[in-house]
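Comments concern the structure below.
The values are calculated or read from the model by the stated rules, or taken from the named source; none is laboratory data. Predicted model, so just to flag it, every value in this text is computed and none were measured. Reconstructed Cβ throughout: ideal geometry from the backbone, glycine too, with neighbour counts over all protein chains shown.
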Amino acid sequence: MKIQENNIDSGVIFSYTPENADYLGTELKLFSNDDSKNNEIGFLKSVLVTLIEYNPEKEIAVYIGNDVIFVDCGENFNNVYCPKCSTEITEDWQDFMGKASENNFKDLEIKTKCCDFKTDLNSLNYDEKCGFSKVVFTINSYDPNSISKLIDAIWKKHNLQLIPILAKY
Ligand SMILES: [Zn+2]
């Protein structure tokens, strides 16, 4: 299997592109908040290899950033809710995001305006999950029905808990 390395200003991308990969405009993103593993490039490449073994016909990549990035879900993004009182806080969320991005998402802690609840941007309730991480795996044109099996396989083989995001563009 041929894995390409692409060094960019914000980090490095390892990618696998099979011939005739289909492109449906959907993307499965998998991220981890395990900081002890998010700096281990060799480990992350071995996880990438497992993902490729499970999906040899898909275009697959891992982005390993210098800083935390917002892992978005594209058109699937809808509303954001307070995890404590369930108030919709989509507008406040824009402000929280603005502030957090000024600091390259180093500090994700917030206090909700609805009920003064101290939490962080990863712990809010999103209609479709999105998140924040230095490391993001992406699988193009993924079948949503196979996701839990794939996450289980990575957990068993690499002891890494991946969080899925279904993105659409
Ligand atoms: Zn609240």
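Output the strands (runs of 3 or more DSSP E) that fall wholly within the stretch 45-129 and possess 1 or more residues being within 16 Å of the ligand (Cβ to nearest atom), or say none. Before you say what the answer is, go through the steps one by one.
Details: elements: 60-71, 109-111, 118-120.
The qualifying strands (runs of 3 or more DSSP E) are 109-111, 118-120.
Give the stretch 63-109 a look and list any residue that's of a type in the set (S, T, N, Q) and out of contact with any Cys (no Cβ under 7 Å at 6 or more places or on another chain), or say none. Please lay out each step first, then the result.
Residues of the stretch 63-109 that are of a type in the set (S, T, N, Q), as a first pass: 66, 76, 78-79, 86-87, 90, 94, 101, 103-104.
Listed by number, the residues that qualify are Asn66, Asn76, Asn78, Asn79, Ser86, Thr90, Gln94, Ser101, Asn103, Asn104.
Could you look through the stretch 133-168, keep only residues that are assigned to a loop (DSSP other than H, G, I, E, B) and under 16 Å from Ile60 (Cα atoms), and pick out the one that is nearest to the chain's Cα centre (by Cα)?
Step one: filter the stretch 133-168 for residues assigned to a loop (DSSP other than H, G, I, E, B), giving 141-143, 159-162.
Pick out the ones that are also under 16 Å from Ile60 (Cα atoms) and you get 141-143, 162.
Values: Ser141: 15, Tyr142: 14, Asp143: 17, Leu162: 8 Å.
Within the stretch 133-168, the match that is nearest to the chain's Cα centre (by Cα) is Leu162.
When both residues are 6+ apart or on different chains and their Cβ atoms are under 8 Å apart, which pairs have a first residue that lies in the stretch 77-98 and is farther than 15 Å from Lys118 by Cα, and a second that is of a type in the set (Asp, Glu) and within 12 Å of the ligand (Cβ to nearest atom)?
Partner pairs satisfying both residue conditions: Asn79/Glu88; Val80/Glu88.
Take Thr138 and decide whether it is of a type in the set (Ser, Thr, Tyr) and either surrounded by fewer than 16 Cβ atoms within 10 Å (Cβ to Cβ) or within 16 Å of the ligand (Cβ to nearest atom) (or both).
Working: of a type in the set (Ser, Thr, Tyr): yes; either surrounded by fewer than 16 Cβ atoms within 10 Å (Cβ to Cβ) or within 16 Å of the ligand (Cβ to nearest atom) (or both): no.
Criteria not met by Thr138.
Against the definition (outside any strand (DSSP E or B), surrounded by fewer than 15 Cβ atoms within 10 Å (Cβ to Cβ) and at pLDDT 95 or above), how does Ser36 come out, yes or no?
Working: outside any strand (DSSP E or B): yes; surrounded by fewer than 15 Cβ atoms within 10 Å (Cβ to Cβ): yes; at pLDDT 95 or above: no.
Considered against the rule, which asks whether it is outside any strand (DSSP E or B), surrounded by fewer than 15 Cβ atoms within 10 Å (Cβ to Cβ) and at pLDDT 95 or above, Ser36 comes out as no.
Looking only at the stretch 51-89, count how many residues are among the polar types (S, T, N, Q), surrounded by fewer than 16 Cβ atoms within 10 Å (Cβ to Cβ) and out of contact with any Ser or Thr (no Cβ under 7 Å at 6 or more places or on another chain). Steps first, answer last, please.
Step one: filter the stretch 51-89 for residues among the polar types (S, T, N, Q), giving 55, 66, 76, 78-79, 86-87.
This time we only want the ones that are surrounded by fewer than 16 Cβ atoms within 10 Å (Cβ to Cβ), so: 66, 78-79, 86-87.
Those still in the list that are out of contact with any Ser or Thr (no Cβ under 7 Å at 6 or more places or on another chain) too: 78, 86-87.
Residues that pass the stated criteria total 3.
Quick one: is Ile13 aliphatic (A, V, I, L, M) and surrounded by 15 or more Cβ atoms within 10 Å (Cβ to Cβ)? Working first, answer last.
Working: aliphatic (A, V, I, L, M): yes; surrounded by 15 or more Cβ atoms within 10 Å (Cβ to Cβ): yes.
So Ile13 fits the description; yes.
Which residue, of Val71, Val80, Val49, is of a type in the set (Val, Ile, Thr) and in contact with a Gly (Cβ under 9 Å, 6 or more places away or on another chain)? Before you say what the answer is, go through the steps one by one.
Details: Val80 fails: in contact with a Gly (Cβ under 9 Å, 6 or more places away or on another chain); Val49 fails: in contact with a Gly (Cβ under 9 Å, 6 or more places away or on another chain).
When all the criteria are applied, what remains is Val71.
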